[in-house]
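No lab work stands behind these numbers, since they all come straight from the coordinates. Keep in mind it's a predicted model, so treat the numbers as computed, not measured. Every residue, glycine as well, gets a Cβ built from its backbone with ideal geometry; the counts of neighbours run over all protein chains shown.
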Amino acid sequence: MPLTEFELLAKEEPIAFEVLSVRSPGGRYRLVFDRYQSIREEDGEVEIGGEPDSAPILVDERLGHAHVFEFCGTPCGYDWGCWVDSVHFALGGWAQIGDQADSLRGVLGIYSLVDSTEAQYFTRAVSSVEYASYTSAWRGWVTDRYRAWKLGAAASGN
């Protein structure tokens, strides 16, 4: 859909788009890990939240289009991504195994813009207790990225 028709869900979403995204080599595309995340700071504490659903977005900056190319409800989520090269990227997250809310696994998808394919890889199952250490590390990573973004925005006068 054209970016002009793309609706933001919350006032905090533009910050999350900056912090939880990466640009492709050459800058044509931006991979937003999860459009439903929000990041805000209150009394010096960084709060990461959002909707229970999860959906990454691929933005084509040159054409001015945004494409939600995956979606999942509460039993999964997208947390991280990177570009392999200008037309291949990786997107990582997690998924609940079956109906067992206490059994999760990591998921990594490798996407190709050349032929519109995806290869998926999965970790072994981990308990929700084991997964808590991953969540804690992810929150630390997002907080660090937010603080670095905030410093950069302040230095540039934005």
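Build a GNM of the chain with springs between Cα atoms under 10 Å apart, and of E42, E70, E51 the one that fluctuates most is E42.
Loop-located trypsin sites (Lys or Arg not before Pro) in the stretch 9-70 (DSSP state not H, G, I, E or B) with no more than 12 neighbouring Cβ atoms inside 10 Å: K11, R62. Judged by a Cβ-Cβ distance under 4.7 Å, the unpaired cysteines of the chain are C82. Multiplying the residue separation of R23 and T74 by 0.36 nm and subtracting their alpha-carbon distance yields 15.7 nm. Listed values (1) -0.46, -0.87, -1.23; (2) -0.55, -0.90, -1.11; (3) -0.62, -0.84, -0.97 include one computed from this model; for log10 I(q)/I(0) by the Debye sum over Cα atoms at q = 0.11, 0.15, 0.18 Å⁻¹ that value carries the label (1).
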